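Okay, structure first, notes after.
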Amino acid sequence: MKLDSMYQEIILDHYRNPHGKGLRDGDAEVHHVNPTCGDEITLRVRLDGAVVADVSYDSQGCSISQASASVLNDLVVGKQVGEAQQIQEAFLELMQSRGQSEGDEDLLEDAVAFAGVSKYPARVKCALLSWMAWKDATAKALGGQPPLTD
Ligand code: ZN
């Protein structure tokens, strides 16, 4: 797999120093696996009203899946749930672009580093694992108890 070297460096940085890793309190927890690669993640979402207060996770697997969870944490924590969902959808679109999209850097920040990964169908699931877990956990957190308003 060949990725732009700057993008590869961003992915390796997140892999080596994952942001927000470790399980903390949450409103909902999910466990997702990517059997084709062996990646696993347990992820918790904590909401504060309509804001994503925390995304904590315990994960193991390849560098792409691990780096992607770190980038997810960077991008959605502190955002309004609706805004975070837009980012998730934009990332999903990028990963389904088969190398045709570069991604919107203003919206996706470091996540654009995964653009090259979209050319490798086997690795797309690695990149999406944590994002799908987040989507699932957020739906659970929202469904389990309506977000509190101040
Ligand atoms: Zn993987």
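Within region 96-111, work out how many residues are over 12 Å from the mean Cα position of the chain (by Cα) and either assigned to a helix (DSSP H, G or I) or of a type in the set (A, V, I, L, M, F, W, C) (or both). Give the steps one after another, and end with the answer.
Taking region 96-111 first, the residues over 12 Å from the mean Cα position of the chain (by Cα) are 96-107, 109.
Imposing the further condition that a residue be either assigned to a helix (DSSP H, G or I) or of a type in the set (A, V, I, L, M, F, W, C) (or both) reduces the set to 105-107, 109.
So the answer is 4.
Does any residue of region 91-98 turn out to be in contact (Cβ under 8 Å) with a residue 40 or more places away in the chain and polar (S, T, N, Q)? Break it down into steps so the answer makes sense when it comes.
Here is the first cut: in region 91-98, the residues in contact (Cβ under 8 Å) with a residue 40 or more places away in the chain are 91.
Among the residues that remain, those that are also polar (S, T, N, Q) are: none.
No, region 91-98 has no match at all.
Tell me which residues, restricted to region 4-39, are surrounded by fewer than 12 Cβ atoms within 10 Å (Cβ to Cβ), within 16 Å of the ligand (Cβ to nearest atom) and in contact (Cβ under 8 Å) with a residue 24 or more places away in the chain.
36
Note down all Cβ pairs under 6 Å where the first residue falls in region 40-65 and is within 13 Å of residue 142 (Cα to Cα), the second is open to solvent by less than 40 Å² (accessible area, probe 1.4 Å) and acidic (Asp, Glu), and they're at least six residues apart or on different chains.
That search, which allows pairs on different chains as well, returns 46/54.
Please pick out the residue among 133, 69, 139 that is hydrophobic (A, V, I, L, M, F, W, C), under 24 Å from residue 27 (Cβ atoms), open to solvent by 40 Å² or more (accessible area, probe 1.4 Å) and part of a helix (DSSP H, G or I).
Numbers: 133 fails: open to solvent by 40 Å² or more (accessible area, probe 1.4 Å); 69 fails: open to solvent by 40 Å² or more (accessible area, probe 1.4 Å).
It is 139.
The values are calculated or read from the model by the stated rules, or taken from the named source; none is laboratory data. Quick caveat, the model's predicted, so the values are computed rather than measured. So basically every Cβ, Gly included, is an ideal-geometry build from the backbone, and we count neighbours across all protein chains shown. Protein only, heavy atoms only, side chains kept; ligands, DNA and RNA dropped before computing areas. Shrake-Rupley method; radii C 1.70, N 1.55, O 1.52, S 1.80 Å.
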